[in-house]
């Protein structure tokens, strides 16, 4: 990746629907250069997909929970995969420390969260969990800041 690739990524991070013509104009290069570079970034997996950033609160998912899970040794990936399939879940992570996995999930209300917790505690290989409710979100960006300097 060179300076132009980083500039293209930064431009797309600002607005993924921005036309290649507008990006070319903004960066003072040709349309075909932008088109070829974006295709290369996609082919290399640097750009994975283009998605809308949805405000979960506006669609009724006002409650965010961080759920730590302790699992039976050797069953981590199997359980994580199953949990990740639930529509409430936006992230599943392997973590260090006293817990094996961290789940980030979003709920309509406490009853919705309660049902989810009871459901996962009934799953095989889950030994225990600890749930924290998010009170205030200070930052939760989906945009990746491009920090490489040239």
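The values are calculated or read from the model by the stated rules, or taken from the named source; none is laboratory data. Please read these numbers as outputs of a predicted model, since none were measured by experiment. Every residue, glycine among them, receives a Cβ derived from its backbone with ideal geometry; neighbour counts consider all protein chains shown.
Go over the candidates 42, 26 one by one and state the one that is surrounded by 11 or more Cβ atoms within 10 Å (Cβ to Cβ), free of Cβ contacts under 8 Å to residues at least 12 places away in the same chain and either part of a helix (DSSP H, G or I) or touching a strand residue (DSSP E or B) at 6+ places or on another chain (Cβ under 9 Å) (or both). I'd like the intermediate steps shown before the answer.
Numbers: 26 fails: free of Cβ contacts under 8 Å to residues at least 12 places away in the same chain.
Within the list 42, 26, the selection yields 42.
Kindly check whether there is at least one residue in the range 72-81 that is within 16 Å of the chain's Cα centre (by Cα) and not assigned by TED's automatic domain parsing to the domain that holds residue 38. Even if it seems obvious, please write down each step before you answer.
Pass one, the range 72-81, residues within 16 Å of the chain's Cα centre (by Cα): 80-81.
Then keep just the ones that are not assigned by TED's automatic domain parsing to the domain that holds residue 38; that gives 80-81.
Checked against the condition, which is being within 16 Å of the chain's Cα centre (by Cα) and not assigned by TED's automatic domain parsing to the domain that holds residue 38, the range 72-81 yields at least one hit.
Tell me whether the range 66-82 contains one or more residues that are within 30 Å of residue 101 (Cα to Cα), in contact with a strand residue (DSSP E or B) (Cβ under 6 Å, 6 or more places away or on another chain), at pLDDT 95 or above and not in a strand (DSSP E or B).
yes
Only residues in the range 118-144 that are outside the structural domain of residue 63 (by TED's automatic domain parsing) count as the first member; pair them with residues that are outside any helix (DSSP H, G or I) and exposed (fewer than 12 other Cβ atoms within 10 Å of the Cβ), Cβ under 7 angstrom, at least 6 apart or cross-chain, and list the lot.
142/53
From the residues in the range 8-23 that are assigned to a helix (DSSP H, G or I) and over 22 Å from the mean Cα position of the chain (by Cα), which one is nearest to residue 140 (Cα to Cα)?
Taking the range 8-23 as the starting set, the residues that turn out to be assigned to a helix (DSSP H, G or I) are 8-14, 20-23.
With the extra rule that they be over 22 Å from the mean Cα position of the chain (by Cα), the set shrinks to 20-23.
On the way: 20: 27, 21: 30, 22: 28, 23: 26 Å.
Ranking the candidates gives 23 first.
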